[in-house]
1. When the residues of the range 59-91 are filtered to those that are within 16 Å of the ligand (Cβ to nearest atom) and surrounded by fewer than 24 Cβ atoms within 10 Å (Cβ to Cβ), which remaining residue is nearest to residue 148 (Cα to Cα)?
2. Considering only residues that are surrounded by fewer than 16 Cβ atoms within 10 Å (Cβ to Cβ) and farther than 21 Å from residue 183 by Cβ, which ones fall in the range 28-58?
3. Run down 37, 26, 97, 42 and say which single residue is over 17 Å from the mean Cα position of the chain (by Cα), of a type in the set (D, E, K, R) and under 21 Å from residue 143 (Cβ atoms).
4. Scan the range 92-125 residue by residue and report those that are within 12 Å of the ligand (Cβ to nearest atom), under 18 Å from residue 163 (Cβ atoms) and surrounded by 13 or more Cβ atoms within 10 Å (Cβ to Cβ).
5. Among the residues of the range 132-141, how many are in contact (Cβ under 8 Å) with a residue 12 or more places away in the chain and either exposed (fewer than 14 other Cβ atoms within 10 Å of the Cβ) or in contact with a helix residue (DSSP H, G or I) (Cβ under 8 Å, 6 or more places away or on another chain) (or both)?
6. Test each condition in (1) modelled with pLDDT of 95 or more; (2) on the phi > 0 side of the Ramachandran plot; (3) not polar (S, T, N, Q) for residue 120 and report the one that comes out false.
7. Restricting attention to the range 163-177, does a residue exist that is in a loop (DSSP other than H, G, I, E, B), within 16 Å of the ligand (Cβ to nearest atom), in contact (Cβ under 8 Å) with a residue 12 or more places away in the chain and over 16 Å from residue 81 (Cβ atoms)?
8. Could you identify the single residue in 158, 183, 192 that is surrounded by 23 or more Cβ atoms within 10 Å (Cβ to Cβ) and modelled with pLDDT of 95 or more?
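The values are calculated or read from the model by the stated rules, or taken from the named source; none is laboratory data. Bear in mind the structure is a predicted one, so any value in this text is a computation, not a measurement. Counting neighbours? That spans all protein chains shown, and the Cβs are built from the backbone with ideal geometry, glycine included.
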Amino acid sequence: MRVGILALQGGVYEHAYMLKQVVDKRETSIDVVFVKRPSQLRGLDAIIIPGGESTTIGVVAEHTGLLGELREAIEDGLPVMGVCAGAILLAKSVRDRRVGETKQPLLGLMNIEVVRNYYGRQRESFEIDVEIPAVGKGPFRAVFIRAPAITKTWGEAEPLARLDEAIIMARQGNMLATTFHPELTSDTRIHEYFLYEVARK
Ligand code: GLN
């Protein structure tokens, strides 16, 4: 399997480390590609868009032509996991809790409405155990860092996990979005779910 990690900004290497854990656990092999240019999308079986600052990632990706090419690749079926800022980039509708409309460059592919910086200042970053039936029984330690929330899904998109009022994980066909950071735990279940359920041919 050849798995890309969008490597323009943010928590890139943590995902590479996580993929290594999956390789060890499953005794499989994964080629990791740090994607910075459109040509590096060729031959990928899946791609991860990491967390970071979604405006920065979007602006840089747009500038290099990567945003448009990535959009086309995902529309053509490339499996994608968007984490936090990555989930924001995947969303069709994005606003910021304080400033409202963000007018940032997006992939705009998933039928989800996302509110940036949903948890505000007091709860900017926190960890909590959540249940995610799609990845199996037992709590998943969810790490939220200036996290957004998915406030609505429609059409083909379905919520996979919630925390209070907010949807924290959703899937639409080949696209998976989480508002928390599964790469910051030692629990490989979400990456495995992505690689073996969402990206399975
Ligand atoms: N607050 C960031 C944004 O709005 C997302 C934070 C993250 O990816 N950890 O882009």
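1. Going through the range 59-91, the residues within 16 Å of the ligand (Cβ to nearest atom) turn out to be 59-62, 67, 80-91.
Add one more test, that the residue is surrounded by fewer than 24 Cβ atoms within 10 Å (Cβ to Cβ), and what stays is 59-60, 62, 67.
Values: 59: 19, 60: 20, 62: 22, 67: 21 Å.
Checking each candidate, the answer is 59.
2. Of everything in the range 28-58, those that are surrounded by fewer than 16 Cβ atoms within 10 Å (Cβ to Cβ) and farther than 21 Å from residue 183 by Cβ turn out to be 37, 39, 42, 43.
3. On the way: 37 fails: under 21 Å from residue 143 (Cβ atoms); 26 fails: under 21 Å from residue 143 (Cβ atoms); 42 fails: under 21 Å from residue 143 (Cβ atoms).
Only one candidate qualifies: 97.
4. The answer is 97, 114, 115, 116, 117, 118, 119.
5. Let us first name the residues in the range 132-141 that are in contact (Cβ under 8 Å) with a residue 12 or more places away in the chain, namely 132-136, 140-141.
When the remaining residues are screened for being either exposed (fewer than 14 other Cβ atoms within 10 Å of the Cβ) or in contact with a helix residue (DSSP H, G or I) (Cβ under 8 Å, 6 or more places away or on another chain) (or both), the result is 132-136, 140.
Final tally of qualifying residues: 6.
6. Evaluating residue 120 over (1) modelled with pLDDT of 95 or more; (2) on the phi > 0 side of the Ramachandran plot; (3) not polar (S, T, N, Q) leaves (1) as the failure.
7. Let us first name the residues in the range 163-177 that are in a loop (DSSP other than H, G, I, E, B), namely 164-165, 173-174.
Still in the list and also within 16 Å of the ligand (Cβ to nearest atom): none.
Checked against the condition, which is being in a loop (DSSP other than H, G, I, E, B), within 16 Å of the ligand (Cβ to nearest atom), in contact (Cβ under 8 Å) with a residue 12 or more places away in the chain and over 16 Å from residue 81 (Cβ atoms), the range 163-177 yields no hits at all.
8. Working: 158 fails: surrounded by 23 or more Cβ atoms within 10 Å (Cβ to Cβ); 192 fails: surrounded by 23 or more Cβ atoms within 10 Å (Cβ to Cβ).
Exactly one residue qualifies, and that residue is 183.
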